[in-house]
Amino acid sequence: MEFNYVKNFNKHTFMASLYYKLMQDVIQRYSWMSTEAMISTFDNITTSHSTGLELILKNHWEIVNLTTNVNLYYYKLNGGNYDINTKMNGSLTEVNVTIEDKQSFSWSAQTSVDFSLPKDFNLQISGNYRSPRATVQGKSLSSYYINMGLKKPFLKKKLIATLSVRDLLNSRKWKSETWGEDFYQYSESCWSGRTINFN
């Protein structure tokens, strides 16, 4: 369910969205200790509720286009008893788990700026940030990254050369904290790291 408000100015556009999202059978990671080994799996084990406000502002100046998006929301995962199916020792095993309600106030921000430079060069820089958010056994931690690209047309725009850098600061990582009655785990994973492409 969503309510939108849009206001157009001379070279600017503002949009505000107030929303509520309900998602059933949310896929979540669940871990537990089995003797001396930790077992982890993914399953549809909860229902999530998101209530928030999203703000979008688009600005256009003579040589600069700027788009900014900020999303502020309250996030809740329902607790309860769930059956998780997983493979252990080569056979399918059903494990009954109990989780408590988890909730957090989270926010994310995205920005993209385009520069029209002399000699038909175009420079684009985009950034993304996401704050910590609750999970069924802990929380995902904050993450951020920046991408940048430079474009130049040739031969009356019949040929376009693009040089781009993804994850400029080599910071695009997914970090999380997970805990239970008898364990605590910090995990970190990443994409391929900083990449440079020429097309």
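The values are calculated or read from the model by the stated rules, or taken from the named source; none is laboratory data. Owing to the predicted nature of the structure, the values given are computational and were not obtained by experimental measurement. All Cβ positions, even for glycine, are placed from backbone atoms using ideal geometry, and neighbour counts span all protein chains on display. We work out accessible area using only protein heavy atoms, side chains counted, and drop any ligands, DNA or RNA first. Shrake-Rupley method; radii C 1.70, N 1.55, O 1.52, S 1.80 Å.
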**Report entry** Failed item in (1) out of contact with any Phe, Trp or Tyr (no Cβ under 9 Å at 6 or more places or on another chain); (2) more than 30 Å from Asp43 (Cβ to Cβ), with Leu92 passing the rest
**Finding:** (2)
Report summary line: Residue set Ser50, Ser126; condition open to solvent by less than 70 Å² (accessible area, probe 1.4 Å), in a strand (DSSP E or B) and within 27 Å of Arg166 (Cβ to Cβ); output residue Ser126
Requested in this report: Report the residue count in the range 27-63 for those that are over 20 Å from Lys87 (Cα atoms) and not acidic (Asp, Glu).
Outcome: 16
Query - Residue selected from the range 16-30 under the condition open to solvent by 60 Å² or more (accessible area, probe 1.4 Å) and of a type in the set (A, V, I, L, M), by the criterion farthest from Gly180 (Cα to Cα) - result: Leu18
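For (1) touching a residue at least 12 places away in the same chain (Cβ under 8 Å); (2) on the phi < 0 side of the Ramachandran plot; (3) within 13 Å of the chain's Cα centre (by Cα), each residue gets a yes or a no:
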{"site": "Leu117", "(1), (2), (3)": "yes, yes, no"}
{"site": "Asn128", "(1), (2), (3)": "yes, yes, yes"}
{"site": "Ser140", "(1), (2), (3)": "yes, yes, yes"}
{"site": "Ser143", "(1), (2), (3)": "yes, yes, yes"}
{"site": "Thr162", "(1), (2), (3)": "yes, yes, no"}
{"site": "Asn170", "(1), (2), (3)": "yes, no, no"}
{"site": "Glu181", "(1), (2), (3)": "no, yes, no"}
{"site": "Thr195", "(1), (2), (3)": "yes, yes, no"}
{"site": "Phe198", "(1), (2), (3)": "yes, yes, no"}
Report summary line: Filtering the range 129-157 for residues that are open to solvent by less than 40 Å² (accessible area, probe 1.4 Å), hydrophobic (A, V, I, L, M, F, W, C) and in a strand (DSSP E or B) leaves a count of 1
